[in-house]
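Worksheet for the structure shown next.
The values are calculated or read from the model by the stated rules, or taken from the named source; none is laboratory data. Fair warning: this is a prediction, and the values are worked out from it, not measured in the lab. Please note: Cβ atoms are built from the backbone with ideal geometry, for glycine as well, and neighbour counts cover all protein chains shown.
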Amino acid sequence: MVLVVLAWLGVNLVRAPDNFGRVLLIGVSQGALYALVALGYTLVYGILELINFAHGDVFMLGGMITATLVAQVFALGENPALGSLIAALLVSLAAAIVGCAVLNAAIERIAYKPLRSAPRLAPLITAIGVSFILENVAIIWKGTRPVSVPVSDFSAGNGRKIFSIGQVVYTSDRLFVILITVPVLIGLIWLVKFTRQGKAMRATAQDKDAAAMMGIDVDRTISVTFLVAGALAGAGGVIFAFYSTEISFGTGFTLGLFAFTAAVLGGIGNLPGAVLGALLIGLIQNFNEGLSWYAPGSKWTESLVFAILILILVFRPQGLLGERTPEGA
C-alpha cells in the first residue's frame, strides 16, 4: 500500500511538478495549523490520560474572539492596509491566547479536577458534555451562521506574492500560517524541555505520585498544562479565522477531530509525534484535494482521514512515534 501511494505521488510530481510544489506548501501550512491543536490534545493526554474532546471548541472560541475584534473593534473592511491588519492580528493573538488559556484552565478546575479519581469513562463523557456547552455558548453569542473575517493578505487564495522558487509562488497567505506557528512550536519545545515548569510537567506525566513526593505541586502543574493547551488552541483559532475568513460554532468539531487524528497518528502523549502526525494529515488532505492525477477529491477528505484513524487504532494504537504500553500499566 505504501509503495502504491509513493508511486502515485511520484507520477504526480513528474506530470505536474509546479502543482505538486504548490500543494506541498499548502499541506505543510495546513499541517502546521493542525499541529497547534494536536499538541493541546497530546499535552493533556500525556499528563492526565484524558482525551479532552472540548479542546476543538476552545479553538473555535479563539476564532470567534478574533472575528469579534476584527469586525467590531478594528472595523476592518475588505483588503485592509497592512499596518491595520498586523495590529488586528497581534491584538487578536493576545486576546485569544489569554482568553482560551484561562477558559481551558477553568474547565479543568471545574469539570475535570473533581473526576480525577473516577473511572476513565466519567471524564470522557464530561469532556463531550463540555464540548456541547461551548458550542451552545458560541451559538448564543454569534448565532448558527458562519461569522466572517474580512478578506486580507492572510486569506487563503488572496495572498500577495512574496517570492518564488521555479514556478512555485510563495504568497503571504501560505507563509502567514507557517511564520506564526513555527515560533509558537519552538516556544513550546523550549518550555517543555528547558524550563523548570516543563520539567515538572514531564515528571508529572511520568508519575504523579513520585512527582508529588519530590516536591512538585501536581495540581498547579496540571493547571499550567491546561493553560498552555488553551493558549495553543487560541493561537490556532486566530490563524484559522484570518486564513479561512469565516468560522462557525461547528468548526471546532471537525478541525478538532482532524487534529485528534494527527495526535493519534503520531502517538498521543508524544509531542514530536503530534507535530509529525499533523504534518502528515495536512499533506494527505491537500494531496487528496489538490493533485491533478487520480486524486479522489475534497468530498473524500473526511472519509480518508478517519479511515487513517481507524487503521492506526487497529494496527498501531501507540502511533508512529509512541511506545507500546502493556495493558493495565
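Among the listed residues Glu108, Glu49, which satisfies the condition of being among the acidic types (Asp, Glu) and touching a helix residue (DSSP H, G or I) at 6+ places or on another chain (Cβ under 8 Å)?
Checking each option against the conditions leaves just Glu108.
Picking from Leu103, Leu13, Leu61, which residue would you name as being closer than 26 Å to Leu175 by Cα and either touching a residue at least 12 places away in the same chain (Cβ under 8 Å) or under 13 Å from the mean Cα position of the chain (by Cα) (or both)?
Leu61
How many of the residues in segment 155-210 are touching a residue at least 60 places away in the same chain (Cβ under 8 Å) and assigned to a loop (DSSP other than H, G, I, E, B)?
Here the count works out to 5.
Give segment 211-258 a look and list any residue that's among the acidic types (Asp, Glu), outside any loop (DSSP other than H, G, I, E, B) and farther than 23 Å from Pro150 by Cβ, or say none.
Asp219
Determine the pairs where a residue that is closer than 18 Å to Gly234 by Cα, located within segment 122-140, has a partner that is part of a helix (DSSP H, G or I) and among the acidic types (Asp, Glu) with Cβ atoms under 7 Å apart, the partner being 6 or more residues away or on another chain.
The qualifying pairs are Ser131/Asp57; Leu134/Asp57; Glu135/Asp57.
Among what's in segment 143-160 and is touching a strand residue (DSSP E or B) at 6+ places or on another chain (Cβ under 8 Å) and crowded, with 19+ Cβ neighbours inside 10 Å, pick the residue that is farthest from Thr66 (Cα to Cα).
Filtering segment 143-160 for residues that are touching a strand residue (DSSP E or B) at 6+ places or on another chain (Cβ under 8 Å) and crowded, with 19+ Cβ neighbours inside 10 Å, the one farthest from Thr66 (Cα to Cα) comes out as Gly159.
I'm trying to understand the selection: among the residues of segment 272-329, which are at pLDDT below 80 and closer than 27 Å to Gly187 by Cα?
Passing the criteria: Gly322, Glu323.
It is to be established whether one or more residues within segment 244-254 are surrounded by 23 or more Cβ atoms within 10 Å (Cβ to Cβ), more than 16 Å from Ala38 (Cβ to Cβ) and of a type in the set (A, V, I, L, M, F, W, C).
yes
Can you name every residue in segment 290-310 that is closer than 13 Å to Asn12 by Cα and of a type in the set (D, E, K, R)?
none
For segment 223-239, state whether one or more residues are touching a strand residue (DSSP E or B) at 6+ places or on another chain (Cβ under 9 Å) and surrounded by 15 or more Cβ atoms within 10 Å (Cβ to Cβ).
Yes, because at least one residue in segment 223-239 is touching a strand residue (DSSP E or B) at 6+ places or on another chain (Cβ under 9 Å) and surrounded by 15 or more Cβ atoms within 10 Å (Cβ to Cβ).
Given (1) buried (at least 24 other Cβ atoms within 10 Å of the Cβ); (2) outside any helix (DSSP H, G or I); (3) of a type in the set (A, V, I, L, M), identify the lone condition not met by Leu39.
Condition (2) is where Leu39 drops out.
Collect the residues in segment 103-129 that are buried (at least 17 other Cβ atoms within 10 Å of the Cβ) and of a type in the set (D, E, K, R), keeping them in residue-number order.
Glu108 - this is the single residue of segment 103-129 that is buried (at least 17 other Cβ atoms within 10 Å of the Cβ) and of a type in the set (D, E, K, R).
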